[in-house]
Amino acid sequence: MHECKNFRVPVGKPRDQKTFLQMLEEIKVQKKKAINMLFEEIEQEIIQKDRFVTEQLEKIREMNENFTTMLDYEQVLEKVAFILP
């Protein structure tokens with residue numbers, strides 16, 4: 001949930017129990033699963049998506065670090081070019 005807020009991903013809750021049950025029924029029909037199997041499948045999907053998001057966040061952090069390193073290299077090269085005519 002914290003990452004959703006950081007990246008401004010909207011997370012909504014059903015207005016009431018009736019809406020929740022309607023949404024659950026729609027998901028059940030869409031996935032063609034019985035209710036007792038539906039929650040297991042949803043849990044597996046959440047685990048997979050959580051892994052994906054975690055991997056993507058790590059890649060973003062790595063890219064950010066690499067970018068910062070490149071900026072540092074650029075500054076060093078600029079100073080060397082100034083010192084060496």
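Derivation of every value follows stated rules applied to the coordinates shown; laboratory data play no part. As the structure is a prediction and not an experimental result, all values here were calculated from the model. Quick reminder, even Gly has a Cβ in these numbers, built from the backbone with ideal geometry, and neighbours come from all protein chains shown.
Per-structure values
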{"quantity": "Selection within the range 30-74 - surrounded by 11 or more Cβ atoms within 10 Å (Cβ to Cβ), more than 24 Å from Phe7 (Cβ to Cβ) and not aromatic (Phe, Trp, Tyr)", "calculated": "Lys31, Lys33, Met37, Leu38, Glu41"}
{"quantity": "Matching residues in the range 8-29 - criterion: being surrounded by 10 or more Cβ atoms within 10 Å (Cβ to Cβ) and of a type in the set (A, V, I, L, M, F, W, C)", "calculated": "Val9, Phe20, Leu21, Met23, Leu24, Ile27"}
